[in-house]
Amino acid sequence: LRPIHRLLSRAGTVAADVRREEQSSGSVETGSEDRTPKKKFSEVQKERREQAKRTVLIHCPNKISEKKFLKYLSQHGPINNHFFYESFGLYAVVEFCQQESVASLQSVTRTPSMDTEAAIPFRSRFFNLRLKSPSNQPSEQPHAQCSSQSSPSSKKLFELLCDAESIDDQLNTLLKEFQLTEENTRLRYLTCSLIEDIAGAYFPDCTVRPFGSSVNSFGKLGCDLDMFLDLDEIGKFSAHKTSGNFLMEFQVKNVPSERIATQKILSVIGECLDHFGPGCVGVQKILNARCPLVRFSHQASGFQCDLTTNNRIALKSSELLYIYGALDSRVRALVFSIRCWARAHSLTSSIPGAWITNFSLTIMVIFFLQRRSPPILPTLDYLKTLADAEDKCIIEGHNCTFIRDLNRIKPSGNTETLELLLKEFFEYFGNFAFNKNSINIRQGREQNKPESSPLHIQNPFETSLNISKNVSQSQLQKFVDLARESAWILQQQDQDRPSPSSHQPWGLATLLLPSVANSLCLAKKKKKKPASERIKNLLESIKSSSAENSTDTNGK
Ligand code: GTP
Ligand code: MG
């Protein structure tokens, strides 16, 4: 047995992402004062993946003694980190110090025998722990503490926002409450690693990488888990080892196009997940989409997963957003608030349709921050000029090169507050000439629209594409109206801010009230009650509706 203090130690955790470094240096405030060296995206991915491979997921009995549980598992090797969470049952995520410990645990694990059903034998890193004699567990043993995997309820959020000291404080509070926690991030990488084991049964040496908001630093608790099945490494390393006049190639099957290859690969992986993937339910193969995918729920983690392949540009977009999110601590605070604001007003939705997506909103915030004077964020073209030979990246003929070491990018001299930026964001887009101009973060300036879609946001890497082609004129108009209304509300409150002791919503809290725009319009027309009373009524209405609908700002 290993010493118990090693088992309980949470030290030695890989400090891998921007958020944790920001938290530890206390730099979530405004400005670009944080000089802590930041890790490259590829370094974070590598460390997290390696960590996930040493990690197991265990479904536990409801009442379990943490100490005994750890002592039992430590027979297989020292434990680096662990936590418990609830998701239709109690689960533990246990990270061993060494990967051999996982094999050791698997070697003493049996396939359950069923009475009425038959089990498909599959050795994974997802286990079920049973007590041999449940009555032997003394009830006075302290039970495992659970880490929460969900964002706060609307009610709790409103309380926190109302108690904040300033609008800047409100934006930072919202970020702190909604951003992915360390545990949630670990669970995301572990889920990808478990899916990689399943896909690896077909394609040994494949890699399943998370992308999108799980890794770009803009993920909100409850967001989906985008996965990329990477088959490019298969058979690559052997090529340069050949000597002499011969070249060995694998015999392979050919299909007429990349798209058909992608569809065929995802089709078999979808079948595999459906039939053999422990905990994978509701598998849907959406192979005719522009970007074919397999969608499923990973029941134990609670994640809605979208698995794609041949989607390397999206991984590069995630890296670019990660860099923008890490360059200045105001970026993430502003993006989170705008995303929550959009969700609260149903400008975004988890259902695909004519709405603006979170990805588009993030690009709009980045563009706005490039337009400040002095700019808070550099243009993509500038990041390209800073790139060295190793950063060079061409994907399917598109130049996706930019500097990857974010410590080499000079911080902005702009010191504007988040309060000002929020207000200016609404004013900027409330008055933007969407009818003739396109948003372009590559050049950081407005350009003439090349086509007639209501909203045109140039795809940063596939520059002939519009990432918001789906957005209808009426959805765009709704965005513009709400932006104007929100700018107006913030302006009004400059003169008429409720005192913090009154516990009335103010600042960002007012902007997140779902009915604020309509109610304010009505109130303006009727010219009846003073602003403070109208807002008080709105708080009452949100309080009662949030009791029914625990969090409306949750989800995508
Ligand atoms: P959430 O809403 O929190 O899931 O944000 P997300 O950024 O993860 O968005 P989503 O799950 O819709 O898409 C995942 C990733 O795919 C994004 O981060 C982008 O990198 C990429 N992506 C999504 N939509 C588009 C698009 O319209 N065009 C391009 N080029 N990439 C997209
Ligand atoms: Mg996503």
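The values are calculated or read from the model by the stated rules, or taken from the named source; none is laboratory data. A quick note: this is a predicted structure, and the numbers were derived from the prediction, not measured. For neighbour counting, all protein chains shown are included, and Cβ atoms are generated from backbone atoms with ideal geometry for every residue, glycine included. To get the accessible areas, we keep the full protein, side chains included, count just its heavy atoms, and leave off ligands, DNA and RNA. Shrake-Rupley method; radii C 1.70, N 1.55, O 1.52, S 1.80 Å.
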* Asked: Net charge near G282, counting Lys/Arg +1 and Asp/Glu -1 over other residues with Cβ under 10 Å of its Cβ?
  -> 0
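Find the accessible area per residue for region 157-284; the probe is 1.4 Å, ligands and nucleic acids are left out, and the unit is Å².
Computed with neighbouring chains in place, this is 47 Å² per residue.
Stretched out fully, how many nm does the piece from K63 to R371 gain, at 0.36 nm a residue minus the Cα gap? Spell out each step's value before the answer.
Numbers: separation 308, 0.36 × 308 = 110.88 nm, distance 5.51 nm.
Roughly 105.4 nm would be gained on extension.
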* **Alpha-carbon Rg/Rh ratio, for region 42-106, with Rh computed the Kirkwood way** => 1.00
* Asked: Per residue, how much accessible area does region 293-379 have with a 1.4 Å probe, in Å²?
  -> 24 Å²
* **Stretch gain in nm, segment T181-V480, where the contour uses 0.36 nm per residue and the Cα spacing is subtracted** => 104.4 nm
* Structure fact -> On the accessible surface of region 349-396, probed at 1.4 Å with all protein chains in place, carbon and sulfur together account for a percent value of 58 percent
* Compute the Rg/Rh shape ratio of region 162-275: radius of gyration over Kirkwood radius, all on alpha-carbon atoms. => 1.18
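If r is the Cβ-Cβ distance from Q106 to Q145 and R0 is 25 Å, what FRET efficiency results, to the nearest 0.05?
Working: r = 27 Å, r/R0 = 1.08.
After rounding to 0.05, the efficiency reads 0.40.
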* Structure fact -> Residue by residue through region 364-374, the couplings from Karplus 6.51 cos²θ - 1.76 cosθ + 1.60 with θ = phi - 60°, in Hz, x for Gly and Pro, are 5, 5, 4, 4, 4, 6, 6, 8, 5, 10, x
* Structure fact -> With DSSP loop assignment and no more than 12 other C-beta atoms within 10 Å, the GluC sites (Glu not before Pro) in region 138-217 are E140, E165
* Where labels lie 7 Å past Cα in the beta-carbon direction, separation of D388 and T463 in nm -> 2.6 nm
* Asked: Extension gain I286-I351, at 0.36 nm per residue separation less the Cα-Cα distance, in nm?
  -> 22.0 nm
